[in-house]
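Visitor: First, the structure itself, so that you have it in front of you.
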Amino acid sequence: MTEPASADLSGLRLNRDAPPPRGSSHPYRTRFFLLLSAVALMVAGGIAYEALRPRTALVRAAPAEALGGRPGAAASEILTANGYVVARQRAAVSTEVAGRLARLLVEEGSRVQAGDVLGVLQNEEQRAAVESAKAALAAAEARAVEARASAREAELDRGRKEELLRRALASQSDYDAAEARARVAAARVESAAADVVDAHARLDAAQVSYQRTFIRAPFAGAVLRKEAEVGEIVSPIPSSGGLTRGAIVTMANLATVEVEVDVNEGYVARVHDGMRAEIALDAYPDERFPARVRQIVPTADRQKATVLVKVAFEKPDPRALPEMGARVTFLADVTPAGPGGEVAAAAAAAVSVPRDAVRETGGRTVVFVVDKGRVSMRAVTPRPLAGDRVSVSGGLAPGELVVIEGPPNLADGARVRLR
């Protein structure tokens, strides 16, 4: 029984020196190759996904802002024009007579009222003439009193002679002599009265000449510039050599400041009297001042092909000074509210955006608007505003985000992420 058992166990022994059969593989090596293939497929899939999925660009954006108007009212831009602040009431104040400037009582920026003395010429001669005229008037008045007294006395004498003649106590010749003296005295009274009138007229002329040496403000306002200094000769008609000044100060009424702009004659038909407008001063580019068209000058400049339009502030502002640069935006008339309560305008609403938001793409001027993680390209027609902003009409609504910084190859529909 031992031999069969030994034979069975020998059949189970492994021969480790024998070579592996053909077509067989190690189990660990098979697992390694499977794992390596899976990793390769994952890497290839990731590379393909990265190559095929849309890129997300990092951009900066800013909102479009409504241009002008009051809350609840649409502000629609018609056109813009450049000009300067001027004062409707402005004058170079000169003297009425030639003379040497003795005193100058104002400086640049001085506020004056109508009739205030701005300067005084040397006037000793005129003042002496006034005193002489006063003395001549007093003498004439005294002679007039004397003449009236003499006439009264002569009239009384004539009356007495007439009574004596009636009683036959005086001769006719005595009466005739008395009557002649009375008539001469009456004539002297008239002559003395005329002398008094003449003396009054001479005094008035002397006082007028004296007052002309005082240079007064023609209206209330502010002194903008001094044109002469004390000691210089001033005259109503300045000399060509520059030795004589024609004015002592230039002044203006700052309550009448407005803006004058040149509008191209091809667009002037869009402007009318009373039209709404906004004024942006170069000194305060971030502020808009409401205004109205006051006048369209009925003539054109042949050389510049423009028409002068005067735009008045609705409320004068002390910061608006003559000769400041300004930009006027003319706004469309607002139509009555519709059935839903909305306010309609005559043109598409105008907004302002940063200058960096405007790009040139394919020969067009566009902006990129950010909406739900993507950008849409919109064609616009920009017009420059003060500062670093431009206005665009149509294609944009107030509050929409526009790209102001992003990749140069940004395209319509691209995915973006706000910085």
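Each reported figure results from applying straightforward, stated rules to the coordinates on display, with no laboratory input. In this text, all values refer to a predicted model and were calculated from it rather than measured experimentally. All Cβ positions, glycine included, derive from the backbone under ideal geometry; neighbour counts span all protein chains shown.
Visitor: If you plug each phi of region 175-184 into the Karplus form 6.51 cos²θ - 1.76 cosθ + 1.60 with θ = phi - 60°, what whole-Hz ³J(HN,Hα) values come out, in order, with x for Gly and Pro?
Guide: Coupling constants for region 175-184: 5, 4, 5, 5, 5, 5, 5, 5, 5, 5 Hz.
Visitor: Cβ neighbours within 10 Å, averaged per peptide: list 404-414, 254-264, 112-122 in order, most packed at the top.
Guide: Top of the packing list down: 254-264, 112-122, 404-414.
Visitor: On to the next question. Is region 124-211 rounded, prolate or oblate when judged by the Cα gyration tensor, a ≥ b ≥ c being the square roots of its eigenvalues, rounded requiring a/c under 1.5 and prolate requiring a/b larger than b/c?
Guide: Prolate shape, in that a/c is at least 1.5 and a/b is the bigger ratio.
Visitor: For Lys315, give me every one of the aspartates and glutamates with a C-alpha distance below 20 angstrom, ignoring sequence neighbours fewer than eight places off in its own chain.
Guide: Glu258, Glu260, Asp273, Glu278, Asp282, Asp286, Glu287, Glu323, Asp333
Visitor: Spelling out what I want: for every residue of region 138-151, take phi, set θ = phi - 60°, compute 6.51 cos²θ - 1.76 cosθ + 1.60 (Karplus), and round to whole Hz; glycine and proline get x.
Guide: Listing the rounded values in order: 4, 5, 5, 5, 5, 5, 5, 5, 4, 5, 5, 5, 5, 5 Hz.
Visitor: Something else about it: Taking amide H atoms as placed 1.01 Å from N in the peptide plane, list the residues 5 or more away in sequence, or in a different chain, whose amide H sits under 5 Å from that of Arg374.
Guide: Under 5 Å from the amide H of Arg374 lie the amide H atoms of Val416, each far enough along the sequence or on another chain.
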